[in-house]
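What follows is one structure encoded as structure tokens, with my remarks underneath.
The values are calculated or read from the model by the stated rules, or taken from the named source; none is laboratory data. Small disclaimer: the values here were computed from a predicted structure and weren't measured. No Cβ is skipped: glycine too gets one built from the backbone with ideal geometry, and neighbour counts run over all protein chains shown. Just so you know, the surface numbers come from the protein's heavy atoms only, side chains and all, with ligands and any DNA or RNA stripped out. Shrake-Rupley method; radii C 1.70, N 1.55, O 1.52, S 1.80 Å.
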Amino acid sequence: EPNAPSPGRGQDWRDPISAEIHAWLNDFVKAAKAHRVYAENNEMLVRFVDRAHQGLQAILHKVPELSLSVREDRLLYGKDPVHINNNREDGLPFVLYRNAFRRLTLVAGIERDEVTKLMRALVTDYSNFDYAGEDLVTTLWRLALPHLRYLTIDALSSSVVGHRSVEERADIDRI
């Protein structure tokens with residue numbers, strides 16, 4: 001991604017799987033952005049989505065849940081910054097952050113179709129008239145993807161959707 005320092009080469013990861021997660025997130029972002037450009041049946045899009053799904057499957061074969069903490073300009077796996085992008089327009093971290101997401105968890109068993117729906121939701125322009133009254137949280141709630149969990153913050157009431165772990169309370173306190 002433009003403006004994105006690239007952890008990976010020469011990066012000292014605390015967790016050995018972080019390099020694989022970093023590579024997968026790059027593939028995931030590329031495939032998600034391809035949804036804006038290509039028709040659903042386009043061979044390039046199919047290839048990008050297949051690669052992203054296969055990469056995620058390989059990670060979830062090693063860890064049953066992939067939890068990413070969301071910051072304004074980065075996604076963290078534990079303490080490792082596995083995806084950095086300071087683009088405040090359409091960078092994945094900021095898209096999630098401005099929509100009140102603070103943690104995203106993908107669970108083993110996620111199907112290709114779920115990954116595709118997640119990608120589509122992430123790249124949808126909710127300011128478009130066709131999506132009046134919709135936002136990312138509402139869209140994902142309606143999709144009810146069985147292998148996706150997320151933690152969001154309601155800025156008006158400071159309430160948390162879902163159960164609160166020590167990590168989640170720390171995230172909320174930090175905010």
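Name every residue in region 112-158 that is touching a residue at least 40 places away in the same chain (Cβ under 8 Å), open to solvent by 40 Å² or more (accessible area, probe 1.4 Å) and closer than 19 Å to Gly55 by Cβ, in order of residue number.
Passing the criteria: Arg112, Arg120, His147.
Just to check your reading of the model, which residue among Leu45, Leu56 is part of a helix (DSSP H, G or I) and over 20 Å from His83 (Cα atoms)?
Within the list Leu45, Leu56, the selection yields Leu45.
Check region 106-125 and report whether any residue there is over 28 Å from Arg14 (Cβ atoms), touching a Phe, Trp or Tyr at 6+ places or on another chain (Cβ under 8 Å), modelled with pLDDT under 95 and of a type outside the set (D, E, K, R).
yes
Going through Arg74, Arg98, Arg88 one at a time, which residue ends up being crowded, with 20+ Cβ neighbours inside 10 Å and of a type in the set (Lys, Arg)?
Arg74
Can you name every residue in region 32-71 that is touching a Leu at 6+ places or on another chain (Cβ under 9 Å), open to solvent by 50 Å² or more (accessible area, probe 1.4 Å) and over 23 Å from Gln11 (Cβ atoms)?
Val37, Tyr38, Ala39
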